[in-house]
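Q: Have a look at this one.
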Amino acid sequence: MISDKRTYKVWLIRPLLMLLVGFSLLFSDEIRWLAVGDLHNWYSSVGCEIEVGRTGATADQLDGFRYPAMFLDQDLQAAKGFWLGSKDYQDPLSGASYPAKVVVAGPRKVSEASAWMPVEFKLVAKKTHPLVLVDGVIGTELEFLDKVDEIDPSIPADRMFYNKVQTSMGVEMQRKIYAFINTFHQNYFIHEYTLTNNGICDKDGNVKHSNTLKDFYAYWQMRTGFNREACAYGRNYMPQNATWGRNTVNDAMGVNGTATYDPNDKMNPFRAVYSWGGKHSGVSGDNGIGGAWLTGDGHLMSVAFVGNMVLHADKAPDDASDDLNQPMTTTWISSDLPVTNYENDQFNTNMMLGQYERMKWGHANPTQAADLGYDWANLDPGAITYADQWNVEYPGSAGGFSMSMGFGPYQLAPNQSINIVWAEAAAGLSRAESYRIGAEYKSGAINEATKDMLVYTGRDSLIKTFWNIYENYQSGYTLPTPPEAPAEFIVASGGDRVVLSWKNNAESSPGFKGYKLYRARNDRYDSTYVLVADIKKNELEIDADGRNYFEDKQPQRGFDYFYYIIAYDDGSNDPEGRILYSSKFYTLTSEPAYLRRMPGNVLEEIRIVPNPYHIRAQNLQYGKDAASANRIMFLNLPPKCTIKIYTERGDLVKTLEHTDNSGDESWNSLTESRQTVVSGVYIAYFETPEGESIYKKFIVVR
């Protein structure tokens, strides 16, 4: 599940992070998610998504920017920072003059009360997400993530965040963040910023200035880690410092007006900064590229490329044409420098001078990637050095390096504004390719260099995404519309089948052709979703309530099943004739369906399966995935009963309340203290509300 239902093991934590929980409690910003496409991220009302800013927990140091979001622990976001700066500033708050004034949101600290003060924050949708029920209960995470404040069919995207923040520098920040559900545009968000010198410096609007902001800069930092699955709070395969991005590699393209916007140019087609997971000397038996899980099934865990692409930057407050020389700064910055750390103070002259210098730093030459040996025109994996050992002598390098973009200098007179538009995106090898390549690498079918080169094709995927973004922006956000998702999707577990029904509203969409229904077994995050049915519009079956329905007769007893349904068209809506699908996240079930046996009538017929439970026979039982590896089923139960499980010597291990009127109940082999039971003989005691009871024995072999 997305959100706070996950549990994590905490291993080694940098002492620096021990402060994070403390500072995170200093503010109480609002959080909203964009979670209707393949990329999911949370956003803060304070105007920037700082390190552990959503939960304050060190285990959430990689939190957000999840891609592909269908799978568990795909978080790539470590921290963001957003700074505004100007020189020769007369401050009405302190009465002092500063050679440089900088107000800071992130990467680790922000003052919501006195520096970045939220004014408005809302999530707007074209349409609300569907109702999804599994056995009568809400069965979609969108019920908790997609907290829509307003419905507006006229917005240019499927979801839009609107956020207004007043800063203590007298600049009002407005941002709109767009998310799209078009099949080929789900892996990026477009940000539109308007920065206005309105002169208001406090929350109540009582302190104002009439300054022209001289040499004004807007500056963003982005630090990524690749990724949570591979790192300490996932499978704990990559070294701890990969979690905060010590082996992250940063690069830039199209700087100083060199972007060509040429489809044949693979070096500098756009203005962009981007990052990926580089070599790590601390990985045993591998160089860390791709994060191959060699102690497991071999699949590649760290294959994403993440980038920020510039779409527009005003030349001046009175010239809205696009300045192709912006951003003026594209460089890396150490994550543990004092100017990025905890001592941020908007009245500290030396601190602000250091921050302002970073904002107008210019372009890294060479870039971090080039210094590590990356030559994209003639890539040689053997010539690339270890990213975690790069610039170790540089101050603050232990925390890894962030990529940054700085726009300016602008001369911003009272009530003047500038507009900046950029997009953030993620791309890379597909999940299926990550498993295939990883398995081949682990088996020795391909060598390390071949594996690395395949991972590096993620850069090509990112550039392809940049083209999608560019064309969408240039069109004025006029993407072809996919068919609607069913407004209701109902999943009902039965005794020998699972019945799925849905509303037919999608069938009025232009070019509608049919539905595809998918199913996963046991673990919806790591299981493959298989196509259950491809139902054309002339093959639909209608139930008594006028809904489409399908009976899935393939499920087996004892397993959990998850579903989603998508509507698709005939290709007539897309200029290239590509088939468009509704977003799977609209109907993706988060609650399991499972076959429900009719309740038994005779306690003597209760069965315990498997018996004995043998850990080496998991594949012959209910599978080896996390959801079912330790499952033991109690079958032929009465409609309601209490099940108490004891050790052979009579110690109570677990109490289960069976209340759903079926004949089945499952147990995950955990005790009341959340410990997995050890090998031994166990006794299950069954008692009905009427006082009937029986004892049954079973064996666990570990």
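Q: In region 347-356, is there at least one residue being within 30 Å of residue 277 (Cα to Cα) and in contact (Cβ under 8 Å) with a residue 60 or more places away in the chain?
A: Within region 347-356, one or more residues are within 30 Å of residue 277 (Cα to Cα) and in contact (Cβ under 8 Å) with a residue 60 or more places away in the chain.
Q: From 428, 511, 476, grab the single residue that is on the phi > 0 side of the Ramachandran plot, in contact with a helix residue (DSSP H, G or I) (Cβ under 9 Å, 6 or more places away or on another chain) and at pLDDT 95 or above.
A: 428
Q: Filter region 637-661 down to residues that are crowded, with 18+ Cβ neighbours inside 10 Å and within 19 Å of residue 599 (Cβ to Cβ) and give me whichever is modelled with the lowest pLDDT.
A: The selected residue is 658.
Q: I need the full set of residues from region 63-86 which are part of a loop (DSSP other than H, G, I, E, B) and either charged (D, E, K, R) or more than 30 Å from residue 430 (Cβ to Cβ) (or both), in order please.
A: 63, 73, listed by residue number.
Q: OK, next. If you take the residues in region 52-62 that are part of a loop (DSSP other than H, G, I, E, B) and in contact (Cβ under 8 Å) with a residue 60 or more places away in the chain, which one is surrounded by the fewest Cβ atoms within 10 Å (Cβ to Cβ)?
A: So, considering only residues that are part of a loop (DSSP other than H, G, I, E, B) and in contact (Cβ under 8 Å) with a residue 60 or more places away in the chain, the one surrounded by the fewest Cβ atoms within 10 Å (Cβ to Cβ) is 61.
Q: Which condition number in (1) assigned to a loop (DSSP other than H, G, I, E, B); (2) charged (D, E, K, R); (3) within 25 Å of the chain's Cα centre (by Cα) is the one that residue 393 fails?
A: Here residue 393 meets the rest and fails (3).
Q: For region 252-343, list the strands (runs of 3 or more DSSP E) that sit wholly inside it and hold at least 2 residues that are surrounded by fewer than 20 Cβ atoms within 10 Å (Cβ to Cβ) and in the same structural domain as residue 193 (by TED's automatic domain parsing); which are they?
A: 304-316, 319-322
Q: Further question on the same structure: Scanning region 513-538 for residues that are surrounded by fewer than 12 Cβ atoms within 10 Å (Cβ to Cβ) and of a type outside the set (A, V, I, L, M, F, W, C), which turns out nearest to the chain's Cα centre (by Cα)?
A: 528
Q: A further question follows. What tally of residues in region 168-213 results from selecting those that are of a type in the set (Ser, Thr, Tyr), in contact with a Phe, Trp or Tyr (Cβ under 9 Å, 6 or more places away or on another chain) and within 13 Å of residue 92 (Cβ to Cβ)?
A: Residues flagged as of a type in the set (Ser, Thr, Tyr), in contact with a Phe, Trp or Tyr (Cβ under 9 Å, 6 or more places away or on another chain) and within 13 Å of residue 92 (Cβ to Cβ) within region 168-213 amount to 1.
Q: A further question on this structure: Output the residue which, of all residues in region 344-365 that are over 28 Å from residue 316 (Cα atoms) and in contact with a helix residue (DSSP H, G or I) (Cβ under 8 Å, 6 or more places away or on another chain), is surrounded by the most Cβ atoms within 10 Å (Cβ to Cβ).
A: Only one residue tops the list, namely 344.
Q: Just wondering, is there one or more residues in region 483-495 that are farther than 30 Å from residue 596 by Cα, modelled with pLDDT of 95 or more and either in contact with a His (Cβ under 7 Å, 6 or more places away or on another chain) or not polar (S, T, N, Q) (or both)?
A: Checking region 483-495: at least one residue is farther than 30 Å from residue 596 by Cα, modelled with pLDDT of 95 or more and either in contact with a His (Cβ under 7 Å, 6 or more places away or on another chain) or not polar (S, T, N, Q) (or both).
Q: List the number of the failed condition for residue 671; all other conditions in (1) more than 36 Å from the chain's Cα centre (by Cα); (2) more than 17 Å from residue 603 (Cβ to Cβ); (3) among the polar types (S, T, N, Q) hold.
A: (1)
Q: Here's a follow-up. Would region 487-497 turn up any residue that is among the polar types (S, T, N, Q) and assigned to a strand (DSSP E or B)?
A: Yes, there is a match, as at least one residue in region 487-497 is among the polar types (S, T, N, Q) and assigned to a strand (DSSP E or B).
Q: Filter region 629-687 down to the residues that are of a type in the set (Asp, Glu) and in a strand (DSSP E or B) and list them by number.
A: 657, 665, 687
Q: What strands (runs of 3 or more DSSP E) lie completely within region 133-207 and have 2 or more residues being under 30 Å from residue 502 (Cα atoms) and not hydroxyl-bearing (Ser, Thr, Tyr)?
A: Fully inside region 133-207 and qualifying: 159-167.
Q: Go through (1) part of a loop (DSSP other than H, G, I, E, B); (2) more than 36 Å from the chain's Cα centre (by Cα); (3) of a type in the set (Ser, Thr, Tyr) for residue 622 and report which single condition fails.
A: Here residue 622 meets the rest and fails (2).
Q: When residue 569 is evaluated against the numbered criteria (1) surrounded by fewer than 20 Cβ atoms within 10 Å (Cβ to Cβ); (2) touching a Phe, Trp or Tyr at 6+ places or on another chain (Cβ under 7 Å); (3) within 30 Å of residue 180 (Cα to Cα), which criterion, by number, is the only one it fails?
A: (1)
Q: Quick check on region 96-104. Is at least one of its residues in the same structural domain as residue 165 (by TED's automatic domain parsing), assigned to a loop (DSSP other than H, G, I, E, B) and modelled with pLDDT under 95?
A: no
Q: Out of the residues in region 197-252 that are modelled with pLDDT of 95 or more and of a type in the set (Ser, Thr, Tyr), which is farthest from the chain's Cα centre (by Cα)?
A: It comes out as 210.
Q: Could I ask something else about it? Return a yes/no flag: does region 72-84 have any residue that is buried (at least 18 other Cβ atoms within 10 Å of the Cβ) and more than 30 Å from residue 234 (Cβ to Cβ).
A: Within region 72-84, one or more residues are buried (at least 18 other Cβ atoms within 10 Å of the Cβ) and more than 30 Å from residue 234 (Cβ to Cβ).
Q: Check region 85-94 and report whether any residue there is more than 13 Å from residue 201 (Cα to Cα), surrounded by fewer than 23 Cβ atoms within 10 Å (Cβ to Cβ) and out of contact with any Pro (no Cβ under 9 Å at 6 or more places or on another chain).
A: No, region 85-94 has no match at all.
The values are calculated or read from the model by the stated rules, or taken from the named source; none is laboratory data. Please read all numbers here as calculations on a predicted model, not as lab measurements. Note: ideal-geometry Cβ built from the backbone for every residue, glycine included; neighbour counts use all protein chains shown.
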